[in-house]
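Take a look at the structure below.
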Amino acid sequence: MAGETTGGRAGQLKSSGLRPGWTTGACATAATTAAYTALLTGEFPDPVTITLPKGQRPAFALAAELLADGRAMAAVVKDAGDDPDVTHGALIRSTVRLGPPGSGVVFRAGPGVGTVTKAGLPIPVGEPAINPVPRQLMRDHLAEVASRHGGAGDVEVEISVDHGEEIARSTWNPRLGILGGLSILGTTGIVVPYSCSAWIDSIRRGVDVARAAGRTHVAGCTGSTSEKVAVAVHGLPEDALLDMGDFAGAVLKYVKRHPVDRLTIAGGFAKLSKLAAGHLDLHSARSQVDKGYLASLARQGGASVELTASVAAANTALEAIQLCSAAGVPLGDLVAAGARATALDVLRGAPVAVDVICIDRAGTIVGRA
């Protein structure tokens, strides 16, 4: 039995019995790597292997390839594993062309990939909706291919997704001002599947493992970035980490019945603003960021009437926190305090001390309680 008590994110995934998949960012990186290799060598590597941020090296089969007229195109079918992801099965293409000397890597949005039209997202207005981590992952792999095959690394990369504009109607992209298609996302390259019953059961097993190992302090984290922050702040070992994903309520209810001395809740500002507003399921399909609530918190924190109105009209939670930070209004701390109050309400007097850490997309702490 000793071999079955692995804790943390990997242990939860194993105990859930669910198959992980690959993010759109990982698929785009694989397609880009294959296309640039073919542009320099005349041959497509198939399968193409990439290295993810945590060191995993998955191989992707190519679903389509084309080499003509100074460009190379490779395509990969996204496999989301057992996650009910709307992009599962989507064909993600990367077309690579050589750019002018010194131009570096330039990203373009092809058919089915959105363009950012509103502020408040991690990508500037006018840019393709390709998030920072996938951009860096592609840059790293392009540099590696250039080094191996004598290229300069100056390329134009156009990412497209077949039927992406249609698929995007099932996402929040249109409301966020991402027009024309999907976003290319992912921080680890891996899609962790969140079947509700299986994942909630894995959370419970994670608490059991931590308690059996004598841990008195555990952290419920919404994802890998917040997990890193919880480790950096509190020095927690892997078996004290609970990948709660969107299921904050599952962590709180189980810890209420099976107490530990201390619970840290760490997560993105937007998700924890939902917890602060009283939502226990933080999934975007089942709860939304309430900008009116954020505006009322900002007002409590000393925001002017004008700033309060700007927060209420913000495109995203990220824009709201940026507006308040610039004005010296501690919106992050107020959201953390609200999330902590919700947690204590669910715990109903259980002997558990609670602290909350809110972060932005880059992993910077923007609020604590």
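A few notes on this one:
- Think of the chain as a dipole: +1 on every Lys or Arg Cβ, -1 on every Asp or Glu Cβ, centred on the Cα centre; then among Ala320, Trp172, Ala295, Ala295 lies furthest on the positive end.
- Convex hull of region 274-369 built on C-alpha atoms - directionally averaged projected area, nm²: 6.3
- Between region 300-369 and region 213-263, the C-alpha centres lie 20 angstrom from each other.
- Carbon and sulfur %, accessible surface of the chain computed with the full protein complex present, 1.4 Å: 52
- D_trans [Stokes-Einstein, Kirkwood Rh over alpha-carbon pairs] for region 108-262, 4 °C, 1.567 mPa s, µm² s⁻¹: 70
- Rg ratio (alpha-carbon, reference 2.2 N^0.38 Å) - the chain: 1.04
- Listed residue pairs exceeding 21 Å between alpha carbons, taken from Lys118/Lys291; Lys78/Lys228; Lys54/Lys228: Lys78/Lys228
- Nearest-20 debye value, region 158-253 charge dipole, Cβ charges on Lys, Arg, Asp, Glu: 480
- Heavy atoms of the protein chains alone define the surface here; on that basis the chain has 42 Å² accessible area per residue at 1.4 Å probe size.
- Looking at the chain alone, DSSP beta bridges between its own residues are antiparallel in about 55 percent of cases.
- Region 254-369 - share of DSSP beta bridges that are antiparallel (%, nearest 5): 30
- Spin-label model distance (nm) - Lys54 vs Lys118, 7 Å beyond Cα toward Cβ: 3.2
- Taking the Cα centre of the chain as reference, the dipole from Cβ charges on Lys and Arg (+1) and Asp and Glu (-1) amounts to some 960 debye.
The values are calculated or read from the model by the stated rules, or taken from the named source; none is laboratory data. Predicted, not measured: the structure shown is a model, and the values here were computed from it. Every residue, glycine as well, gets a Cβ built from its backbone with ideal geometry; the counts of neighbours run over all protein chains shown. Keep in mind that these areas ignore ligands, DNA and RNA; they rest on the heavy atoms of the full protein, side chains included. Shrake-Rupley method; radii C 1.70, N 1.55, O 1.52, S 1.80 Å.
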